[in-house]
Amino acid sequence: MKHLIAPSLLSADFMRLQEEVEMINNSDADWLHLDIMDGVFVPNISFGFPVLDALKSVCKKPMDVHLMIVEPQKFIHEVAATGAYMMNVHYEASTHLHRTVTAIKETGMKAAVTLNPHTPVCLLEDIIQDLDMVLLMSVNPGFGGQRFIEHSVEKTARLREMIDRKGLNTLIEIDGGVNLETGKRLIEAGADVLVAGSFVFKSPDPVQTIKDLKAL
């Protein structure tokens, strides 16, 4: 499968949000990545369901919703109501992870689990077969524009080995510090989906930047 590109709306110009989304619609991007932060699980607050509801009518790309919040299981139906394609919950915020994953799938959404940089992939051994995707954070979650954590390449390779060993089709998504150089190494290590925020939205030509990432 050719790798997918999911620009992160967190780095967009919120004064021109509709224009930014229309740019994504007309680009080679595959998904739109949406980070919801609560200021508790991560030290930042981003945007909530009113923004996702507004995007529903203008976004033509599948919405990849990443909940960086405590008790994400409480908001499964709210995420589903926005028309989201994928719902990401953090391993670290989900006490009853299997129950949460099952509930996500029951709404018709795809289910993904996110790991923080310090969380080892081996903890997914008993849940990986139930997941549509694993999101590896290659920066500490909460803010865009951070420096890429080099260990993420090796971590991606170890997750790829686990998925292949079990004969699964689970996707690997990487978020944080993705550019043409790190993106190439991540794909070589086994990544399927690259999330890019600042690198796309702060570039002189975001559409070309997305095209360049897609061509890696």
*Does at least one position in region 38-51 carry a residue that is in contact (Cβ under 8 Å) with a residue 40 or more places away in the chain, within 13 Å of residue 8 (Cβ to Cβ) and surrounded by 20 or more Cβ atoms within 10 Å (Cβ to Cβ)?*
no
*Is it the case that some residue within region 140-162 is acidic (Asp, Glu), free of Cβ contacts under 8 Å to residues at least 24 places away in the same chain and within 26 Å of residue 26 (Cβ to Cβ)?*
no
*Among the residues of region 106-139, count how many are surrounded by 15 or more Cβ atoms within 10 Å (Cβ to Cβ) and of a type outside the set (Val, Ile, Thr).*
16
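To keep it simple, each residue is scored yes or no on (1) in contact with a strand residue (DSSP E or B) (Cβ under 7 Å, 6 or more places away or on another chain); (2) modelled with pLDDT under 95; (3) farther than 16 Å from residue 31 by Cβ; (4) among the small types (Gly, Ala, Ser).
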site	(1), (2), (3), (4)
86	yes, no, no, no
92	no, no, yes, no
100	yes, no, yes, no
106	no, no, yes, no
115	yes, no, yes, no
120	no, no, yes, no
124	yes, no, yes, no
135	yes, no, no, no
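So, in region 67-88, of the ones that are outside any helix (DSSP H, G or I) and small (Gly, Ala, Ser), which residue ends up farthest from the chain's Cα centre (by Cα)?
Step one: of region 67-88, the residues outside any helix (DSSP H, G or I) are 67-71, 82-88.
Subset that is small (Gly, Ala, Ser): 83-84.
Values: 83: 16, 84: 12 Å.
Within region 67-88, the match that is farthest from the chain's Cα centre (by Cα) is 83.
Being exposed (fewer than 14 other Cβ atoms within 10 Å of the Cβ), more than 24 Å from residue 203 (Cα to Cα) and not basic (Lys, Arg), is that true of even one residue in region 69-76? Outline the logic, then answer.
Start the filter on region 69-76 by keeping residues that are exposed (fewer than 14 other Cβ atoms within 10 Å of the Cβ), which leaves 74.
Narrowing the set further to residues that are more than 24 Å from residue 203 (Cα to Cα) leaves 74.
Then drop every residue that is not not basic (Lys, Arg), which leaves none.
Checked region 69-76: no residue is exposed (fewer than 14 other Cβ atoms within 10 Å of the Cβ), more than 24 Å from residue 203 (Cα to Cα) and not basic (Lys, Arg).
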*Give the residue that is surrounded by the most Cβ atoms within 10 Å (Cβ to Cβ), with candidates limited to residues of region 89-101 that are in contact (Cβ under 8 Å) with a residue 12 or more places away in the chain and either part of a loop (DSSP other than H, G, I, E, B) or of a type in the set (A, V, I, L, M, F, W, C) (or both).*
89
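Condition first: exposed (fewer than 15 other Cβ atoms within 10 Å of the Cβ) and outside any helix (DSSP H, G or I). Now tell me which residues in region 52-66 satisfy that. Even if it seems obvious, please write down each step before you answer.
Start the filter on region 52-66 by keeping residues that are exposed (fewer than 15 other Cβ atoms within 10 Å of the Cβ), which leaves 53, 56-58, 60.
Listed by number, the residues that qualify are 56, 57, 58, 60.
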*For region 24-52, enumerate the residues that are modelled with pLDDT of 95 or more and in contact with a helix residue (DSSP H, G or I) (Cβ under 6 Å, 6 or more places away or on another chain).*
27, 28, 29, 32, 34, 35
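The values are calculated or read from the model by the stated rules, or taken from the named source; none is laboratory data. Since the model is a prediction, treat every value here as computed from it, not as a measurement. All Cβ positions, glycine included, derive from the backbone under ideal geometry; neighbour counts span all protein chains shown.
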